[in-house]
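Worksheet: one structure, shown below.
The values are calculated or read from the model by the stated rules, or taken from the named source; none is laboratory data. The shown structure was predicted, so the numbers you read here are calculated from the model rather than taken from an experiment. Virtual Cβ from ideal backbone geometry, glycine too; neighbours counted across all protein chains shown. Side chains included, ligands, DNA and RNA excluded: accessible areas come from the protein's heavy atoms. Shrake-Rupley method; radii C 1.70, N 1.55, O 1.52, S 1.80 Å.
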Amino acid sequence: MTNEISFFENPEGTREEILEATFYALRQHGYAELTISKIGDEFGKSQSLIYHHYDNKDELLVDLLDYMLEQVENQVPLPNQSPEAYIEVIIDEIFGTSSNSDVEFSQAVIELRAQAAHDDDYNRLFRRSDDFIRKQIARVIQAGVDAGAFDVEDPSQTAALFHTVLVGIQAERITSDEDTIDDVRAEFRRYVEHCLLSE
């Protein structure tokens, strides 16, 4: 496997090895065409070992999603700098350069987010993770308001905007070119400068 996602570089134990194989099989085949057999081909070990841990494809994919979202939550930068500096970090996280691994991760997340429209297990995990990220951003925005650095009435609404742009950029990474993302970044920075920061 090339251009490995960082949290799959050194899988620990059979579960992470299966999840790694599932991730790359999902990337290659997409949700609709994915089967345990195709995951087994990527896994390189006995398919029965997969069935020892999981009953079906969706049980495995839900575990993969849970694992991936936990890694994302663990990588949310801690607010150990000024609110203004933290917002710059968040903007860089949203619009940072799109390496192959970033695109692969975005594609997998978008594939699984689509299942949340009609599957409660996927929906529950995305709602948990989205809520965590929005609350983290809202806390920093509130700190900026308290310090007089930001001028917004409802930090939770601003955090929702940040998060929605984050989710949208994930989709743009697999459907658009960098010029589109650069345009959104420029407009979003204009919003931050004129609508978020205090004069």
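Measure nothing but the geometry: give the 0 to 90° angle between the long axis through the Cα atoms of 178-191 and the longest principal axis through the Cα atoms of the chain, rounded to 10°.
Rounded to the nearest ten degrees, it is 40.
Using Cα positions and a limit of under 15 Å, work out the aspartates and glutamates in reach of LYS45, with same-chain residues fewer than 8 apart set aside.
GLU16, GLU17, GLU20
Report, in debye and to the nearest 20, how large the dipole of the chain comes out about its Cα centre when Lys and Arg carry +1 and Asp and Glu carry -1 on their Cβ. Walk me through the intermediate numbers first.
Details: 16 positive and 41 negative charges, 67 e Å.
So the dipole magnitude of the chain works out to roughly 320 debye.
Sort 135-146, 45-56 by the packing proxy (mean of other Cβ within 10 Å over each peptide's residues), most packed first.
Highest to lowest by the protection proxy: 135-146, 45-56.
Decide, for segment 79-198, between rounded, prolate and oblate: order the square roots of the alpha carbon gyration tensor eigenvalues as a ≥ b ≥ c, take rounded if a/c falls under 1.5, and otherwise choose prolate if a/b is larger than b/c, else oblate. Walk me through the intermediate numbers first.
On the way: a/c = 2.25, a/b = 1.39, b/c = 1.62.
Judged from the Cα gyration tensor, segment 79-198 comes out oblate (a/c at least 1.5, b/c at or above a/b).
Report the gain in length on full extension from ASP92 to HIS52: 0.36 nm times residue separation, minus Cα-Cα distance, nm rounded to one decimal.
Stretched fully, the ASP92-HIS52 segment lengthens by 10.3 nm.
Can you give me the angle between helix 120-146 and the longest principal axis of the chain, using Cα atoms only, in degrees from 0 to 90, rounded to the nearest 10?
Around 20 degrees separate the two axes.
Which of ALA85, ILE36, THR158 sits farthest toward the positive end of the charge dipole of the chain, with +1 on the Cβ of Lys and Arg and -1 on the Cβ of Asp and Glu?
Towards the positive end, the residue furthest out is ILE36.
In degrees, nearest 10, range 0 to 90: what is the angle between the Cα axis of helix 83-95 and the longest Cα principal axis of the chain?
Value to nearest ten degrees: 40.
Accessible area per residue of segment 31-110 at 1.4 Å probe, in Å²? The partial results should precede the final answer.
Numbers: 3950 Å² over 80 residues.
Dividing the accessible area of segment 31-110 by its residue count gives 49 Å².
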